[in-house]
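K.L.:
What follows is a structure written as C-alpha cells; I'll ask about it next.
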Amino acid sequence: MSRQSIATSGLPAQPGSTPELPPLSGTSLPDASGHFDRFGGRFVPEALFAALLQLEQEFHKAIADPVFRAELDELLADYTGRPSPISEAKRFSQHAMRTTTGQLPIIALKREDLNHTGSHKINNVLGQALLTRRMGKTRVIAETGAGQHGVATATAAALFGLDCTVYMGKVDTERQALNVARMRLLGAEVIAVESGTQTLKDAMNDALRDWVASVDNTHYLIGSVAGPHPFPMLVREFQRVISTEARAQLLDRYGRLPDAVAACVGGGSNALGIFADFIPDADVALYGFEAGGEGIESGRHAATISTGEIGVLHGMRTFVLQDEDGQTKASHSISAGLDYPGVGPEHSWLAEVGRAHYEPITDAEAMDAFQLLSRTEGIVPAIESAHALAGALTLAPRLPATESGEPPLILVNLSGRGDKDVATAITWFGLNTSGTASEAGATAVGTEPTS
C-alpha cells in the first residue's frame, strides 16, 4: 500500500483539516481534546474518563510547579544519570553508505542505554511516578514488551513505595526472561498474558481491564506515546529531555544541528523523545524505522505506518495493522518492544504531513546492525535500537549536501542496551557454548567497511 493510499484510507478527513506544522516545538498539539488533527483522541470506557481528566489536570499543574520540576530534575540527574552522553560511532560509520560525493556520514549516538535500568523508559516512569504520588494513588500497573518499561516501572515503584503489577505477553516473558526476573526481584508482580498473540498488544488489553476495575487507587503507567489522551502528550513531554540534551550537545560539539535524526518506532516514545525539539527545524530530517520483521511481503511484520490503515486501538485513533473487517492483525518482530500493531498518534500525524519519514527494517537487517555495533564500537545495543542503527547506515546518500561541504551528521537514539537480548542473539547467530559463532553467524556481518 502506498503512502498516499494510507493517508487517505479509513476515516475521511474533516473539511479544512489539513494540518500545519506547529510554529514552535510541537506542544501546540494535541488540541484540547487530545487530537493531532484526525489522530489521537480518547476512546475509553466511561469508567476511565474521570481518571484521564484527573491525570491531564495534574500533569499541567505539575509541569507549572517549580517544586515538581526540581524534584524530577534531581531524580533524572542523581538517580537516572542524566545527561546521557553523545558518542561518535567512528568505526561503525565506516560501514555506512556514502554520499554522492563519496563522503561517509558522522553517526552520533545518544546514549540512552547508559541510563539507570538500561533504556530511555526511566525518563517517563519517574515523571509518572511523581504524578501518581500527587494524585494520592498507591498502586501502579504497566504493560511491557521488551521488559524495559516493566523494569523501569518496578524500579520507580520500589523507590516510591508503590505496589506494582506488570502485564507482559507470555511469548515476551519467554524471550525476555532476564527482565522478568529483574522485575520480580524489584518486588513487582508480573502477570504473563496468555490471550491473543501473547505479546504487547494483549498485555495492554489486560492492563486496561485492570485499570477499569481498580481506577480509584491505581494509576496506569503507560510506557509509550500511545493510548488515550493525555498519555501521548504526557509521555512525549517526559521523554523530550532526550532531544533537549542532544540538541545542545551537538551544537556544542559540532557547531551545527544534525542533518538527520533516526530512531526505532514501535509505540514510539523514544522516537518522539529525540524528535521533539527538532520538529521546528525544517532542515533536520526525521526518520523512524519500524519493525519489518520477515519482510513486508511476508505479512509477518510490525510496520504499522508503512502498511497500516486508520483505526481505533487502545483508546486512540491511529494507523493500525488491521484486516478488511477492521480486526487487528497479529504483528511480528524479533524485537519484543517493537512487536505492536499500532503506533502513537503523533507519529501518524507526522507521517501524514510529511514532517517525518517511516521505513521498515527487517529482522535480518536489525540483527546485522546489532552485531556490527557490538564488534566495531564495543556497544551491545537493544534489538529495538538496532533497527535505528540499520536505518542510519542507509541515510547518507539521501540527505542534501551541506552548504559547507561537511559530511552529513546523523543522530541515532540508542534507546537501550542489549543485555536482555543476548539469548536471542545466541540463537540468531548460532553462538556455541565457547562463545564463537557458527559459520553463518560469523559471516553475517563482517568488520571491514562495505562502502
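The values are calculated or read from the model by the stated rules, or taken from the named source; none is laboratory data. Quantities reported herein were computed from a predicted structural model and do not represent experimental measurements. Note that we place each Cβ from the backbone using ideal geometry, even for glycine, and neighbour counts take in every protein chain shown. Surface accessibility is based on the protein's heavy atoms, side chains included, excluding ligands, DNA and RNA. Shrake-Rupley method; radii C 1.70, N 1.55, O 1.52, S 1.80 Å.
K.L.:
Quick one: in the range 288-324, of everything that is among the hydrophobic types (A, V, I, L, M, F, W, C) and not in a strand (DSSP E or B), which residue is most open to solvent (accessible area, probe 1.4 Å)?
P.N.:
Restricting attention to the range 288-324, the residues satisfying the condition of being among the hydrophobic types (A, V, I, L, M, F, W, C) are 289, 291, 296, 302-303, 305, 310, 312-313, 316, 319-321.
Filter again for not in a strand (DSSP E or B), leaving 296, 303, 305, 321.
Details: Ile296: 58, Ala303: 0, Ile305: 3, Leu321: 10 Å².
Only one residue tops the list, namely Ile296.
K.L.:
Looking only at the range 41-69, which residues are over 20 Å from Asp206 (Cα atoms) and assigned to a loop (DSSP other than H, G, I, E, B)?
P.N.:
Answer for the range 41-69, where residues must be over 20 Å from Asp206 (Cα atoms) and assigned to a loop (DSSP other than H, G, I, E, B): Gly41, Ala64, Asp65.
K.L.:
Follow-up question, since we're still on this one. Consider only pairs whose beta carbons are under 6 Å apart and that are at least six residues apart or on different chains; among these, list those whose first residue lies in the range 72-91 and is more than 18 Å from Glu237 (Cα to Cα) and at pLDDT 95 or above and whose second residue is open to solvent by 20 Å² or more (accessible area, probe 1.4 Å) and in a loop (DSSP other than H, G, I, E, B).
P.N.:
The qualifying pairs are Gly81/His116.
Conditions tested, residue by residue: (1) modelled with pLDDT of 95 or more; (2) over 20 Å from Met168 (Cα atoms).
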site	(1), (2)
Ser298	yes, yes
Thr307	yes, yes
Val320	yes, yes
Glu324	no, yes
Ala330	no, no
Ala336	no, no
Val343	yes, no
Glu352	yes, yes
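K.L.:
If you check Leu178, Leu200, which single one turns out to be surrounded by fewer than 17 Cβ atoms within 10 Å (Cβ to Cβ), closer than 18 Å to Ala154 by Cβ, touching a helix residue (DSSP H, G or I) at 6+ places or on another chain (Cβ under 8 Å) and modelled with pLDDT under 95?
P.N.:
Working: Leu200 fails: surrounded by fewer than 17 Cβ atoms within 10 Å (Cβ to Cβ).
Selected residue: Leu178, the only one of Leu178, Leu200 that is surrounded by fewer than 17 Cβ atoms within 10 Å (Cβ to Cβ), closer than 18 Å to Ala154 by Cβ, touching a helix residue (DSSP H, G or I) at 6+ places or on another chain (Cβ under 8 Å) and modelled with pLDDT under 95.
K.L.:
Additional query: Give the range 228-282 a look and list any residue that's more than 11 Å from Lys110 (Cβ to Cβ), small (Gly, Ala, Ser) and open to solvent by less than 30 Å² (accessible area, probe 1.4 Å), or say none.
P.N.:
Matches in the range 228-282: Ala260, Gly266, Gly267, Gly268, Ser269, Ala271, Ala276.
K.L.:
Same structure, new question: Can you tell which of Ile191, Ile222 is part of a loop (DSSP other than H, G, I, E, B), crowded, with 17+ Cβ neighbours inside 10 Å and not basic (Lys, Arg)? Before you say what the answer is, go through the steps one by one.
P.N.:
On the way: Ile191 fails: part of a loop (DSSP other than H, G, I, E, B).
That would be Ile222, the only listed residue that is part of a loop (DSSP other than H, G, I, E, B), crowded, with 17+ Cβ neighbours inside 10 Å and not basic (Lys, Arg).
K.L.:
Is there any pair with a first residue in the range 196-224 that is under 14 Å from Thr165 (Cβ atoms) and a second that is open to solvent by 10 Å² or more (accessible area, probe 1.4 Å) and of a type in the set (Val, Ile, Thr) whose Cβ atoms are under 6 Å apart and which are 6 or more apart or on different chains, and what are they?
P.N.:
From the range 196-224, the pairs are Asn217/Thr138.
K.L.:
Just name the residue that is nearest to Ala386 (Cα to Cα) out of those in the range 109-125 that are buried (at least 24 other Cβ atoms within 10 Å of the Cβ) and hydrophobic (A, V, I, L, M, F, W, C).
P.N.:
Leu109
K.L.:
Could you give every pair whose Cβ atoms fall below 7 Å, whose first residue belongs to the range 112-136 and is within 16 Å of Glu71 (Cβ to Cβ), and whose second residue is among the acidic types (Asp, Glu) and assigned to a helix (DSSP H, G or I), counting only separations of at least 6 or pairs across chains?
P.N.:
Every condition considered, the pairs that remain are Leu130/Glu71; Leu131/Glu58; Arg134/Glu58; Met135/Glu58.
K.L.:
I need the full set of residues from the range 162-181 which are assigned to a strand (DSSP E or B), more than 15 Å from Lys201 (Cβ to Cβ) and of a type outside the set (Asp, Glu), in order please.
P.N.:
At the first step, the residues of the range 162-181 found to be assigned to a strand (DSSP E or B) are 163-169.
Applying the additional criterion that residues be more than 15 Å from Lys201 (Cβ to Cβ) yields 163-166.
Answer for the range 162-181, where residues must be assigned to a strand (DSSP E or B), more than 15 Å from Lys201 (Cβ to Cβ) and of a type outside the set (Asp, Glu): Cys164, Thr165, Val166.
K.L.:
Out of everything in the range 341-391 that is more than 16 Å from the chain's Cα centre (by Cα) and among the small types (Gly, Ala, Ser), what residue ends up being least open to solvent (accessible area, probe 1.4 Å)?
P.N.:
Ala369
K.L.:
Let me ask something else about it. Is it the case, given these coordinates, that Thr144 is touching a residue at least 12 places away in the same chain (Cβ under 8 Å), of a type in the set (Ser, Thr, Tyr) and open to solvent by 10 Å² or more (accessible area, probe 1.4 Å)?
P.N.:
On the way: touching a residue at least 12 places away in the same chain (Cβ under 8 Å): yes; of a type in the set (Ser, Thr, Tyr): yes; open to solvent by 10 Å² or more (accessible area, probe 1.4 Å): no.
Here the answer is no, as Thr144 does not meet what is asked.
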